Amino acid sequence: MTQNNSPILITGGAGYIGSVLVGQLLADNYRVRVIDNLMHQQDSLKLYIDNKKLEIVHGDIRNETAVKQALEGVSAVVHLAAIVGDPACEKNKQLATAVNKEASQMLSTLAREQKIKRFIFASTCSNYGKVEAKDGYVVETSRLKPVSHYARLKVSFERFLTSQKSALFSPVILRFATAFGMSPRPRLDLTVNEFTAVLASGEKLEIYGENFWRPYCHTQDIARACQLMLEADESMVAGQAFNVGDTSQNFQKKTLIELILKELPEAADKVVFVTKDEDPRDYRVNFDKIKKTLGYTKTKTVSNGICEYIDAIKCGQITDIHSQRYRN
Ligand SMILES: NC(=O)c1ccc[n+]([C@@H]2O[C@H](COP(=O)([O-])OP(=O)(O)OC[C@H]3O[C@@H](n4cnc5c(N)ncnc54)[C@H](O)[C@@H]3O)[C@@H](O)[C@H]2O)c1
């Protein structure tokens with residue numbers, strides 16, 4: 001697929017990842033349409049408000065009329081809108097099901113009916129759940145064992161999308177690693193960002209599950225993966241799932257703390273390791289497929305992201321780290 005005059009629709013384009021993707025696509029001269037209900041009262045797209053290549057629809061993907069209008073004339077969809085994260089989905093299961101499953105199915109069905117071929121879906125490496133093989137890495141064909149309502153909904157929609165693949169409809173599933181790094185809508189409820197912000201603010205940080213592994217990927221690199229999937233030859237990507245991240249960026253939480261303390265040695269006595277079995281996700285992910293298929297490589301490490309949040313706290317770009325605007 002090449003750039004043409006038709007816009008790309010980004011659902012959830014005002015979110016943490018979406019607002020980075022919008023900026024990247026506009027910089028590369030794409031026309032972009034966003035549909036977002038701004039549920040976090042975010043003004044993350046204000047930077048681009050005067051850009052003639054951007055259209056913003058303040059609407060809800062549960063609303064069929066709004067979705068039909070948003071889909072009109074677009075060449076592809078990147079579907080990011082969701083109730084995001086385990087806690088947010090547990091808190092309001094009904095809403096999560098309505099958005100992450102039902103509205104997502106309606107959106108992809110309408111896109112297919114309107115002959116919009118490429119449909120890129122933001123799924124998650126959380127779908128792998130707890131991985132028993134201690135030294136093993138999961139790949140795209142590994143069994144999905146979701147352990148939360150959030151991940152079960154993602155798996156369910158992945159299956160629906162895959163079943164819809166045809167000569168006229170090319171869904172692509174991207175399983176993002178846990179994101180970190182700056183965005184016009186910073187999030188402080190994600191591990192790397194949260195740990196860094198708390199310690200950079202001189203507060204105490206409690207860590208549970210210190211030995212648990214998780215993969216991490218910078219917002220800019222996640223956005224680059226979405227763009228790559230818009231531009232990739234159909235035969236390379238249609239109907240497939242790709243993990244998005246880099247194998248070298250799997251870390252245990254205790255290693256994240258070591259990386260943060262390299263930058264903030266004065267915070268060492270603020271870290272407390274506790275026992276609590278709340279979050280059973282523990283997995284290491286292999287990211288060779290996206291590298292081998294599309295030549296995708298990361299441009300930023302977790303340490304880069306740590307420095308970004310330390311700078312944001314130190315220069316006053318982020319002030320109240322407990323504000324609800326930074327959380328889902
Ligand atoms: N951030 C991560 O670590 C991560 C990891 C894996 C997958 N993902 C997936 O990537 C996508 C983006 O995540 P994010 O971190 O940017 O989260 P986010 O919450 O910042 O973005 C989601 C966006 O969707 C919008 N939205 C929610 N419900 C909507 C509705 N009914 N109609 C229209 N818009 C709606 C929100 O206003 C928000 O702008 C999500 O699908 C998420 O599941 C994120």
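The values are calculated or read from the model by the stated rules, or taken from the named source; none is laboratory data. Since we're looking at a predicted model, the values are computed, not measured. When we count neighbours, we look across all protein chains shown, and the Cβ atoms used for this are built from the backbone with ideal geometry, even at glycine.
In the range 15-43, which residues are among the charged types (D, E, K, R), within 13 Å of the ligand (Cβ to nearest atom) and assigned to a loop (DSSP other than H, G, I, E, B)? Give the derivation first.
Going through the range 15-43, the residues among the charged types (D, E, K, R) turn out to be 28, 31, 33, 36, 43.
Right, trim to within 13 Å of the ligand (Cβ to nearest atom) and you get 33, 36, 43.
D43, the sole residue that qualifies.
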Original post:
Which one of these does Q69 not meet: (1) outside any loop (DSSP other than H, G, I, E, B); (2) under 29 Å from Q324 (Cα atoms)?
Top reply: (2)
**OP:** Scan the range 207-248 for residues that are β-branched (V, I, T), away from the ligand (no atom under 16 Å from the Cβ) and more than 12 Å from V172 (Cα to Cα) and report the count.
**Re:** 2
Original post:
Here is a list of conditions, (1) in a loop (DSSP other than H, G, I, E, B); (2) at pLDDT 95 or above; (3) surrounded by 14 or more Cβ atoms within 10 Å (Cβ to Cβ), and T299 meets all of them except one; can you say which number that is?
Top reply: (3)
Subject >> Failed item in (1) under 13 Å from the mean Cα position of the chain (by Cα); (2) under 18 Å from A76 (Cβ atoms), with M182 passing the rest >> reply: (2)
Subject >> Unmet criterion (only one of (1) within 11 Å of the ligand (Cβ to nearest atom); (2) at negative phi) for G181 >> reply: (2)
Subject >> Residue in the range 44-66 that is nearest to the ligand (Cβ to nearest atom), counting only those that are in contact (Cβ under 8 Å) with a residue 12 or more places away in the chain and either among the hydroxyl-bearing types (S, T, Y) or not assigned by TED's automatic domain parsing to the domain that holds N92 (or both) >> reply: S44
**OP:** Could you tell me whether any residue of the range 123-135 is closer than 23 Å to I8 by Cβ, crowded, with 18+ Cβ neighbours inside 10 Å and modelled with pLDDT of 95 or more?
**Re:** yes
Original post:
Of the conditions (1) touching a Lys or Arg at 6+ places or on another chain (Cβ under 7 Å); (2) under 23 Å from G85 (Cα atoms); (3) surrounded by fewer than 18 Cβ atoms within 10 Å (Cβ to Cβ); (4) among the aliphatic types (A, V, I, L, M), A241 fails just one. Which one is it?
Top reply: (3)
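Over 22 Å from V20 (Cβ atoms) and part of a helix (DSSP H, G or I) - does that describe any residue in the range 275-290?
Looking only at the range 275-290, we keep the residues that are over 22 Å from V20 (Cβ atoms), and these are 275-284, 286, 288-289.
Next, from what is left, pick out any that are part of a helix (DSSP H, G or I): 288-289.
Yes, the range 275-290 contains at least one residue that is over 22 Å from V20 (Cβ atoms) and part of a helix (DSSP H, G or I).
Which residue, of E140, E90, E64, is of a type outside the set (K, R), within 20 Å of I10 (Cβ to Cβ), modelled with pLDDT of 95 or more and out of contact with any Gly (no Cβ under 6 Å at 6 or more places or on another chain)? Full working, then the answer.
Working: E140 fails: within 20 Å of I10 (Cβ to Cβ); E90 fails: within 20 Å of I10 (Cβ to Cβ).
Checking each option against the conditions leaves just E64.
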**OP:** Please identify the pairs in which a residue from the range 72-98 that is within 30 Å of N5 (Cα to Cα) and in contact (Cβ under 8 Å) with a residue 24 or more places away in the chain has its Cβ atom under 7 Å from the Cβ atom of a residue that is assigned to a loop (DSSP other than H, G, I, E, B) and of a type in the set (S, T, N, Q), counting only partners at least 6 apart or on another chain.
**Re:** G73/S6; V74/S6; S75/N4; S75/S6
Original post:
Filtering the range 138-178 down to residues that are assigned to a helix (DSSP H, G or I), in contact (Cβ under 8 Å) with a residue 24 or more places away in the chain and away from the ligand (no atom under 16 Å from the Cβ), which residue is surrounded by the most Cβ atoms within 10 Å (Cβ to Cβ)?
Top reply: Q164
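For the range 184-200, enumerate the residues that are of a type outside the set (A, V, I, L, M, F, W, C) and either surrounded by fewer than 20 Cβ atoms within 10 Å (Cβ to Cβ) or near the ligand (Cβ under 10 Å from one of its atoms) (or both). Walk me through how you get there before you give the answer.
Kept after step one, since they are of a type outside the set (A, V, I, L, M, F, W, C), are these residues of the range 184-200: 184-187, 189, 191, 193-194, 196.
Listed by number, the residues that qualify are R185, P186, R187, D189, T191, N193, E194.
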Original post:
When the residues of the range 1-14 are filtered to those that are not hydroxyl-bearing (S, T, Y) and not in a loop (DSSP other than H, G, I, E, B), which remaining residue is nearest to the ligand (Cβ to nearest atom)?
Top reply: I10
Original post:
In the list D282, D246, D288, which residue meets the criterion of being crowded, with 21+ Cβ neighbours inside 10 Å and over 16 Å from S123 (Cβ atoms)?
Top reply: D246
**OP:** Scan the range 142-168 residue by residue and report those that are in contact with a Phe, Trp or Tyr (Cβ under 7 Å, 6 or more places away or on another chain) and either over 17 Å from N100 (Cβ atoms) or not assigned by TED's automatic domain parsing to the domain that holds P87 (or both).
**Re:** S142, K145
